[in-house]
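Q: Here it is: the structure, laid out below.
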Amino acid sequence: MLAEIAAANAAFGVIKEALSNGGEIYAVGKQMAEFFDAKAQIEKTANAKGKGTEAFFAREQLRQKEAEFLEMLVYQGRPGLIDDWWKFQAERKKEREAEIRAIKAKVQRRKDMLYNVLISILVFIAGVTGFGLVAVMVYVVMRGKM
């Protein structure tokens, strides 16, 4: 979680510096994505662990920075920029969720493949063992007739 906090703080520092120096908001798009991705991860951690933890206070600190960022959007951005920002946030959230689903599906496919390989090996061993047992029995029976 410390890595997410550090990433969010670094990204916010770049965003704030660029906007306060009169830079365009689109010039810091990468840092905005990093900030809000880290914020989402910290939100997830804070919700999982509960209140009173380090994650809770990190979340509160990032919420204050987000409020400051939104204020910068209102006063330094074009009209309607904040609405476009909320749309971008919603799309980014969907992308993150799709990435997580894709990773989980890939892991599940690998687990299924490993399971199928192991079952195949066990069936093969059981078949060879059964065939060997039958061969030994045939050998013993044939040897007894001679």
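The values are calculated or read from the model by the stated rules, or taken from the named source; none is laboratory data. Please read all numbers here as calculations on a predicted model, not as lab measurements. FYI the Cβ positions are ideal-geometry reconstructions off the backbone, even for glycines, and counts take in every protein chain you see.
Q: Within the stretch 5-46, count every residue that is in contact with an Asp or Glu (Cβ under 9 Å, 6 or more places away or on another chain) and among the acidic types (Asp, Glu).
A: The number of residues fulfilling the criteria is 1.
Q: Something else: Pick from Glu17, Glu43, Glu71: which is closer than 22 Å to Glu97 by Cα and of a type in the set (D, E, K, R)?
A: Values: Glu17 fails: closer than 22 Å to Glu97 by Cα; Glu71 fails: closer than 22 Å to Glu97 by Cα.
Checking each option against the conditions leaves just Glu43.
Q: Picking from Lys111, Lys104, Lys65, Lys94, which residue would you name as being over 22 Å from Glu4 (Cβ atoms), part of a helix (DSSP H, G or I) and at pLDDT 85 or above?
A: Going through Lys111, Lys104, Lys65, Lys94 in turn, the sole match is Lys111.
Q: Please list, ordered by first then second residue, the pairs with beta carbon atoms under 7 Å, 6 or more apart or interchain, first in the stretch 14-37 and in contact (Cβ under 8 Å) with a residue 40 or more places away in the chain, second buried (at least 19 other Cβ atoms within 10 Å of the Cβ) and of a type in the set (S, T, N, Q).
A: Ile15/Gln31
Q: Hey, among Leu70, Leu81, Leu62, which residue is touching a helix residue (DSSP H, G or I) at 6+ places or on another chain (Cβ under 7 Å), within 30 Å of Leu19 (Cα to Cα) and without any contact (Cβ under 8 Å) to a residue 24 or more places away in the chain? Show your work before the answer.
A: Values: Leu81 fails: without any contact (Cβ under 8 Å) to a residue 24 or more places away in the chain; Leu62 fails: without any contact (Cβ under 8 Å) to a residue 24 or more places away in the chain.
Result of the check over Leu70, Leu81, Leu62: Leu70.
Q: Considering (1) of a type in the set (D, E, K, R); (2) under 25 Å from the mean Cα position of the chain (by Cα); (3) surrounded by 15 or more Cβ atoms within 10 Å (Cβ to Cβ); (4) over 23 Å from Glu95 (Cα atoms), say which one Lys16 fails and leave the rest.
A: (2)
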